[in-house]
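First the structure, in the form of structure tokens, and then the observations on it.
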Amino acid sequence: ADPKHPDANHNMGVLAVGVGKVEIALPFFKNALEANSKAAQFWLSYIDALIKLDRLDEAKSVFNQAKLNGVKGQGFDQIEQRLGLGKSKKLNVDKLPEEQQSKLFKLYSQRQYQKTLNLSSQLLEQFPNSINLHNIIGAAKQSLGKLDEAIEAYKRAIAIKPDFKTYNNMGMALKVQGRLDEAIEAYKRALTIKPDYADAYFNVGNALREQGKLDTAIPALKKAVTIKPDYADAYLNMGNALHKQGKLEEAIADYNKVLAIQPDYAEAYNNMGNALREQGKLDKAIQALSKAIAIKPDYADAYLNIGVALEGTIFKKPNGDLQKALIYLLDKKTSIKPKDIAKAAISLLKLEPNLQKHIQLVDAGVIESPLDVISDLSKFPLLLKLMNVCPLPDLELERLLTNLRCAVLSNISSLKEASAELLSFQSVLATQCFINEYIYSHTEKEEIILQSLDASIKKAFKNKEQPSPQVVLVLASYKVLRHYDWCRLLVVTDDIKQIFTSQVEEPNHEEQIKQDLPILEEITDKVSSKVREQYEESPYPKWVNLRLPSEPLYIANVVDEIKLKLHDKKIKEVQNPKILIAGCGTGQHSIGIAASFKSSKVLAIDLSLSSLAYAKRKTDELGIENIEYMQADILDASKLNTQFDIIESGGVLHHMDNPMAGWKALTNCLRPGGLMKIGLYSEIARQHIIKIRQEISNASIGSSYASTKSFREIVMTSDQNHHKKIIGSHDFYSISTITDLLFHVQEHRFTIPQIRDCLDQLGLKFCGFEASQIVVDFKQTNKAKDDPYDLAKWQAYEEANPSAFAAMYQFWCQAVD
């Protein structure tokens, strides 16, 4: 309406500076001054912007123009001082008495910040020009989170007498506010006063590192350690910057320098462990991370990182301390996805002679007393913890537990006076069988005993008697308690509480949740309907705990962390992303994303109401509040009438009748510049599965519960390589996962050239594969900067490593105009 409006132009300039676009601000300040040359603030803003751009000669010239226009004020005195023009008036410095100063410092060191401020306020009336007093007021207010007031206190100290420590402190307050350019300017002012000030170089380096300016951050940190050779924190952050650049050897060298200075520096061991893991040196990575945990037993990030490093690791030597670390990790509901470390944990456990003894006796057909076996197994808390949270992916342990379950059932009549140890183990065993969806086989003899126990319980209830907890628990290890019509009559004691909660109360709650779930449209596609039926019958996967990030990040941080190649960088500016999870299953994916992206709003859709209800229950249990669940077919995505900043669909499109139709429907919901993460099966990696699916088809084996277990027994006793390979998969060890793996009603597979063609057809650009060990291994032989974004290189890599994408291709792409 008024292009020359002075205040509007000035405010636009201020906003531009505030978001770091200082160059863009200059024309606005000029327009403001042309309209009103008497406004002192307009001149100050213009000169300050020129100083930020290091255009000091222009700044001095504009300052002189301001003086010619008669502009004056305290701000101009400070500007004059910054530019080194003339002699600014200095206030007389008040010397705070040593006794009062010591008292203030003592209060501050004891973290009594409010008392520090109260005393400072009293002293300020007597010593208004004390630099130390203003500084300690600033520090106390900064510690209380009153950053604006802290900065003003520092400015008052500087007005009395510029001091390098005050500028440094002000810079730290500005950095906490995210005002990184201003913080860097403050640190540089400190360095003009004291050029050998190591802390200021350290702070400059950290601020530049946060801005992603690693090439300039590293020299600043090097300057800090040149001045102060024992500066452990500076070496640590220099290592972190090099690590982010992918210079892993140099980063590890700096972490070792930290440890040479400070051997108990847990963060250095943690970060070195991550760098070693990225190099593929998993044994050394685990050693480093274990040392971090030994130094700092509550180090959450180190536990998370050791969980990542353990995936795929098989141990050859016992390690009791690591077993304790794994128990701690599994105790935390959001520290790790248990299946990721299950094989590593089992490999540790199987090095224990007492466990190995029972495995060998079962294999030899020796019948042991169930109480003796339970007594021994109860001495392995890591084993019990694993049994409570995920299926055990190990055939030897499966045989041991299957035999033990049978022995307990066969001897149940003699266990009337059960010990606490027996009942506790029975509860754990029943939990394991429930989690693996009763995949363990049982004989006709066991079935007869089960029917007899069922009948005896019904009779007991007729006589108004409660069954013994050991009988309830043994039945719960063969079938879900909720499926017994007498379960509602049980008096829930402490002995059966855990089982009753998981097998009765939680499934009942999910049934209630189903009634309230919103439905987008009736599902009419024939294949979609069949897929829905499969997941209504077997929600996939059943899970207990999962890994969540320690804190959510903005899109810009996530993109930088996983090193995506963006074709449109505007996505990094999105602060409140709308995210669609297309095919959320039982909620692991949606919950993980909701916890990963700061200020996000997630819509999670799926075909199966049973899966959605499970997801909703777990979401509520974890206190996640930014997810909405809805039943919907991807083919109907346009009816959501929403454009999303991020869309993720992992392991879903390849189960559709026409994957490209589904992918196109999702692409149409993606905002221009938005990011999409897709997971697809690999044709090359799934050759053994293709062969098994063909065997199932040729033999006309159905996907019923009994058929699945029967076919699984055949595979378990087979010597054929493709069968042995499938036994190594986690998905072989529960009903829903093996159904999804081998008996799915619809499956497509892709190659990398096909993915490239799909991306071209949809107008999407490849941004990189999801950060994983695969990417780490790829970079060992593909070292050029752009290699990770070259699909031709990835095609060659997969041809040389056919099992690389055994799980799925998981990659990011972007919608571009």
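The values are calculated or read from the model by the stated rules, or taken from the named source; none is laboratory data. A quick note: this is a predicted structure, and the numbers were derived from the prediction, not measured. No Cβ is skipped: glycine too gets one built from the backbone with ideal geometry, and neighbour counts run over all protein chains shown. To get the accessible areas, we keep the full protein, side chains included, count just its heavy atoms, and leave off ligands, DNA and RNA. Shrake-Rupley method; radii C 1.70, N 1.55, O 1.52, S 1.80 Å.
Worth a mention:
- Taking (1) open to solvent by less than 20 Å² (accessible area, probe 1.4 Å); (2) at pLDDT below 85; (3) farther than 21 Å from residue 7 by Cβ in turn, residue 71 satisfies each apart from (3).
- Qualifying residue in segment 632-647 (condition: in contact (Cβ under 8 Å) with a residue 40 or more places away in the chain, open to solvent by 20 Å² or more (accessible area, probe 1.4 Å), aliphatic (A, V, I, L, M) and under 20 Å from residue 761 (Cβ atoms)): yes
- Helices (runs of 4 or more DSSP H) (entirely within segment 194-266) containing at least 2 residues that are in contact with a Leu (Cβ under 9 Å, 6 or more places away or on another chain), more than 20 Å from residue 182 (Cα to Cα) and open to solvent by less than 20 Å² (accessible area, probe 1.4 Å): 232-244, 248-261
- Looking across segment 335-374 at every residue that is of a type in the set (Val, Ile, Thr) and in a helix (DSSP H, G or I), the one that is surrounded by the most Cβ atoms within 10 Å (Cβ to Cβ) is identified as 341.
- Filtered residue count, segment 553-580, keeping only those that are closer than 23 Å to residue 612 by Cβ and touching a helix residue (DSSP H, G or I) at 6+ places or on another chain (Cβ under 8 Å): 3
- Of the candidates 583, 623, 587, 592, the single residue that is surrounded by fewer than 24 Cβ atoms within 10 Å (Cβ to Cβ) and closer than 25 Å to residue 807 by Cβ is 592.
- Condition check for residue 694 on (1) modelled with pLDDT of 95 or more; (2) surrounded by 13 or more Cβ atoms within 10 Å (Cβ to Cβ); (3) out of contact with any Ser or Thr (no Cβ under 6 Å at 6 or more places or on another chain): one failure, at (2).
Residue-by-condition table, conditions (1) assigned to a loop (DSSP other than H, G, I, E, B); (2) under 17 Å from residue 226 (Cβ atoms); (3) in contact with a helix residue (DSSP H, G or I) (Cβ under 7 Å, 6 or more places away or on another chain):
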residue: 162; (1), (2), (3): yes, no, yes
residue: 170; (1), (2), (3): no, no, yes
residue: 181; (1), (2), (3): no, no, yes
residue: 186; (1), (2), (3): no, no, yes
residue: 191; (1), (2), (3): no, yes, yes
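- Residue that is farthest from the chain's Cα centre (by Cα), among those in segment 771-803 that are part of a helix (DSSP H, G or I) and acidic (Asp, Glu): 799
- Residues being surrounded by 17 or more Cβ atoms within 10 Å (Cβ to Cβ) and at positive phi - total across segment 720-778: 1
- Subset of segment 55-68 [open to solvent by 50 Å² or more (accessible area, probe 1.4 Å), more than 45 Å from the chain's Cα centre (by Cα) and closer than 14 Å to residue 25 by Cβ]: 58
- Matching residues in segment 451-485 - criterion: being among the basic types (Lys, Arg) and within 40 Å of the chain's Cα centre (by Cα): 479, 482
- From the options 616, 563, 572, residue that is basic (Lys, Arg), open to solvent by 20 Å² or more (accessible area, probe 1.4 Å) and not in a helix (DSSP H, G or I): 563
- All of (1) modelled with pLDDT under 90; (2) loosely packed, with under 14 Cβ neighbours inside 10 Å hold for residue 52 with one exception: (2).
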